[in-house]
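What follows is calculated from the coordinates using simple rules that are stated; it is not laboratory data. Given the structure is predicted, the values throughout are model-derived calculations rather than measurements. So basically every Cβ, Gly included, is an ideal-geometry build from the backbone, and we count neighbours across all protein chains shown.
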Amino acid sequence: MTEDEILGELSSGMTIGIGGWGSRRKPMSLVRAILRSGLTDLHVVSYGGPDVGILCAAGKVRKVTYGFVSLDSIPLEPHFRAARQAGTLEDFMELDEGAFYLGLMAAAHRVPFYPTRAGLGSAMLSENPSLKTVKSPYGDGEDLVAIPAFEIDAALIHMNRADAKGNGQFLGPDLYFDDLFAMAGAKTYISAEKIIPTDQFLDEGPVHTLRIPRIHVDGVVEAPMGAHFTECPPDYGRDEAFQRDYAATAKDADAWTQFRTDWLELETHEAYQAKLSERANAEQGPT
Amino acid sequence: MSEPTLDEICIVALAEAFRGDGELLCNPMGPVPVIAGRLARATFEPDLMLTDTIAYAIEGNLAFGGDPSDAVVEGYMPFRSIFDQVWSGKRHVVMGASQIDRYGNQNFAAIGQYRKPKAQLLGLRGAPGNLINHATTYWVPNQARAFSETVDVVSGPGYDRIIELAPASQAHFEIRRVVTDLGAYDFETPDHTMRIRSLHPGVSVEQAQAASPFELTLTDDVPESRAPTPQELELIRNVFDPKGVRKGEFR
């Protein structure tokens, strides 16, 4: 598939789960495709990074459910921060980072909730009236927080490798929660650095890197540099200079518009890649 | 070797928070706490497990910001495993605090109203789950700025909120220590209010109290925070932080 074909499967108002973690292995070519699409009124579910910042700043989002929103090397995602402080993001559910994992797992396992003590006594519970507690049927009848299953219409994840059938392989240090996103999504779409023949997976990494089984995958797109500017080791690290440029646009509406035009709204991922190469060459200078 | 400086006193005070922890995952965040964790393991708490702050549990004395590929890997700790460790209780975390009150209620989520804050900060992050599952220590490089009568948002709950919960919910809660630029504090009082455990060299009770809007609980005789040993100074300066990254936390 292409990014735009995947976008054709999505519609306004949907709940979109986005894999990765902060500014790490985010399906950015698909996030940019959402940005340039007509989709609006989305509910984004994410261990958030620039995916959440970009879509909030572009007015695509009705609600965010998140464990955090950060650019890692820049601890506060500036576009998300601006949206929170301006009050433009009215609906959001912030969960403890571990509790967020339980919401994904409940969805993956098709149970209505998983119980946890995380949130008792904290703002997570007192500031989220939709979060309920449940009384343990055992022992002393302790009240536990019931983390609801995330009802995700479509999950988007980025893998280092995939085959054409939709099996996905991660080669970096951490899968994050992408397997749970894949299971939690009613539909799941993968972008991958490289689509390879199935019989080459084990040349790329050991068998336990094959963590996304095709039974949970509805479409694959090949997107080299598809996680840029977030990191995607071992294929590439985070583009810190690019990320700094992105972050700086949160302070200046004109700079943000310009950055969207120059980079984020380029018509295809190929055009984005070509422009990245130009930029790399320009930085190198004449030899 | 020259006299210990404030950053080194603070590192040793934080390392002391891990004394007696034995075999658990020591999970500090940021330069001063990470150096403190590695220092504790290298000296008096050899069974601690520590990560490279990415995904590996590592042995040996890696410098802060050093190349993890130089270290011996003893385990795999991706984020999912970290949460599993949180819930297992075999963990002691060090977090920061933009605001902290006398019962240890901590905020690093937002200043002002939670739903429409004046300043959005880090968020709740892992604080709600950490506090209720295992030992937590706070690192506060600027006490006067962070100590608060009340906190705007409760990221990590304090003792007054926890005692309202069922016994099983309280069972694993512990704020071990709060270490600041002025001293070290604990909650080992009958009403679990913050108590001065020690003050850093040259800091008086009056100075510590002046940097707190709530009354600090006192012991009869307030000790001075322990000075680093020559071995600890050598480790901090030449092994864990030869570039002096730790000093940046006090700016």
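Take every Cα pair under 8 Å in the stretch B:6-250 that's 6+ residues apart, average their separations, divide by the length, and report that relative contact order as a whole percent.
Taking the mean separation of contacting Cα pairs over the length of the stretch B:6-250, I get 21 percent.
Give the long-range amide H neighbours of A:Lys187: residues separated by 5 or more places, or on another chain, with amide H under 5 Å away, using H modelled in the peptide plane at 1.01 Å from N.
Amide H to amide H, under 5 Å and 5 or more residues apart or across chains, A:Lys187 pairs with A:Ala154, A:Ala155.
Taking every DSSP beta bridge that has both residues in the protein assembly as shown, what percent is antiparallel when rounded to the nearest 5?
Counting DSSP beta bridges with both partners in the protein assembly as shown, the antiparallel share is about 40 percent.
Report the label-to-label distance for B:Ala210 and A:Asp91 in nanometres (one decimal), using points 7 Å from each Cα along the Cα→Cβ vector.
Inter-label distance under the simple model: 5.2 nm.
Report the local net charge at A:Lys187: Lys and Arg +1, Asp and Glu -1, summed over other residues whose C-beta lies under 10 Å from its C-beta.
Taking every Cβ under 10 Å from that of A:Lys187, the sum is -3.
Neighbouring Cβ atoms within 10 Å as the yardstick, rank A:His208, B:His192 fewest first.
If I rank by nearby Cβ atoms, fewest first, I get A:His208, B:His192.
Going by a ≥ b ≥ c, the root eigenvalues of the Cα gyration tensor, does the stretch A:144-287 fall in the rounded group (a/c under 1.5), the prolate group (a/b larger than b/c) or the oblate group?
oblate
Let me know the shape class of chain B, please: from the alpha-carbon gyration tensor, a ≥ b ≥ c as square roots of the eigenvalues, rounded when a/c is under 1.5, otherwise prolate if a/b is greater than b/c, or oblate.
Since a/c reaches 1.5 but b/c is at least a/b, the shape of chain B is classed as oblate.
Peptide B:161-172: average number of partner chain Cβ atoms within 10 Å per residue?
Taking the mean over all residues of the peptide, I get 4.
So for the pair B:Ile54, A:Val134, with labels modelled 7 Å out along Cα→Cβ, what separation do we get in nm?
Taking the simple label geometry, B:Ile54 and A:Val134 are separated by 3.8 nm.
Among residues other than B:Asp84 whose Cβ falls under 12 Å from its Cβ, what is the net charge (Lys/Arg +1, Asp/Glu -1)?
That works out to +3.
Going by how many other Cβ atoms sit within 10 Å of their own, how do A:Leu104, B:Leu6 line up, fewest first?
Lowest to highest Cβ neighbour count: B:Leu6, A:Leu104.
Counting other beta carbons within 10 Å of each Cβ, put B:Phe240, B:Phe79, B:Phe44 in order, fewest first.
Numbers: B:Phe240 25, B:Phe79 22, B:Phe44 13.
Fewest to most other Cβ atoms nearby, the residues stand as B:Phe44, B:Phe79, B:Phe240.
Restrict the search to the stretch A:113-219; then list the trypsin sites (Lys or Arg not before Pro) that DSSP places in a loop and that have at most 13 other Cβ atoms within 10 Å of their Cβ.
A:Lys165
Assuming 1.306 mPa s and 10 °C, estimate D for the protein assembly as shown with Stokes-Einstein, Rh taken as the Kirkwood radius over Cα pairs, in µm²/s. Before the final figure, lay out the partial values.
Values: Rh = 24.4 Å.
D = 65 µm²/s.
Counting only other chains, and only Cβ atoms inside 10 Å, what mean value do you get across the residues of B:76-83? Walk me through the numbers on the way to the answer.
Numbers: counts 2, 2, 7, 12, 9, 1, 4, 11.
Mean inter-chain Cβ contacts per residue within 10 Å come to 6.
Can you tell which of A:Asp91, A:Asp178, A:Asp153 shows the greatest fluctuation in a Gaussian network model of chain A with Cα springs below 10 Å?
Among A:Asp91, A:Asp178, A:Asp153, the largest mean-square fluctuation in the Gaussian network model of chain A belongs to A:Asp91.
Net charge within 13 Å of A:His216 by Cβ-Cβ distance, Lys/Arg positive one each and Asp/Glu negative one each, not counting A:His216 itself?
+2
Which percentage, to the nearest 5, of the DSSP beta bridges contained in chain A is antiparallel?
Values: 13 of 44 bridges.
Antiparallel: roughly 30 percent of the beta bridges in chain A.
Between B:Thr219 and A:Ala271, what is the label-point separation in nm under the 7 Å Cα-to-beta-carbon projection?
Each label point lies 7 Å from its Cα, and together they span 6.8 nm.
If one puts a single equal scatterer on every Cα of the stretch B:48-105 and applies the Debye formula without solvent, what log₁₀ I(q)/I(0) results at q = 0.26, 0.31 Å⁻¹?
-1.07, -1.28
Note down the relative contact order for the stretch A:116-261 as a percent, whole number, built from C-alpha pairs under 8 angstrom at least six residues apart.
Details: 225 pairs, mean separation 28.4, N = 146.
Once divided by the residue count of the stretch A:116-261, the mean separation gives 19 percent.
So what is the relative contact order for chain A, in percent, with contacts set as C-alpha pairs under 8 Å and at least six apart?
Relative CO of chain A lands at 19 percent.
What is the distance in Å between the Cα centres of the stretch A:109-144 and the stretch A:9-78?
Cα centroid to Cα centroid, the span is 27 Å.
Taking the Cα centre of the protein assembly as shown as origin, work out the dipole magnitude from +1 charges on Lys and Arg Cβ and -1 charges on Asp and Glu Cβ, in debye rounded to 20. Working shown, then result.
Details: 49 positive and 75 negative charges, 161 e Å.
Computed about the Cα centre, the dipole is about 780 debye.
Round to a whole angstrom and tell me the spacing of the C-alpha centers of the stretch B:101-164 and the stretch B:63-78.
Comparing the Cα centres of the stretch B:101-164 and the stretch B:63-78, I get a distance of 30 Å.
How much length is gained on full extension from A:Lys63 to A:Gln200, taking 0.36 nm per residue of separation minus their Cα-Cα distance?
Fully extending the segment from A:Lys63 to A:Gln200 adds 45.3 nm.
Starting from the amide H of B:Glu174, placed 1.01 Å from N in the peptide plane, find each other amide H under 5 Å away whose residue is 5 or more places distant or on another chain.
B:His134, B:Thr136
What is the stretch A:50-160 by shape, rounded, prolate or oblate, if you read a ≥ b ≥ c off the alpha carbon gyration tensor as root eigenvalues and call it rounded for a/c under 1.5, prolate for a/b larger than b/c, and oblate otherwise?
Prolate is the answer for the stretch A:50-160, as a/c is 1.5 or above and a/b outweighs b/c.
At R0 = 45 Å, how high is the FRET efficiency between B:Lys247 and A:Thr2 if r is their beta carbon distance? Nearest 0.05 is fine.
0.30
Could you give the length gained by full extension between A:Ser73 and A:Gln284, i.e. 0.36 nm per residue of separation minus their alpha carbon distance, to one decimal place?
Between A:Ser73 and A:Gln284, full extension yields 73.5 nm more.
Taking every residue in A:140-152, how many Cβ atoms of other protein chains lie within 10 Å of its Cβ, on average?
Going residue by residue through A:140-152 and averaging, the value is 2.
Evaluate E = 1/(1 + (r/R0)^6) for B:Glu234 and B:Ala119, where r is the Cβ-Cβ distance and R0 equals 60 Å; express this FRET efficiency to the nearest 0.05.
Step by step, r from the Cβ atoms, then E = 0.90.
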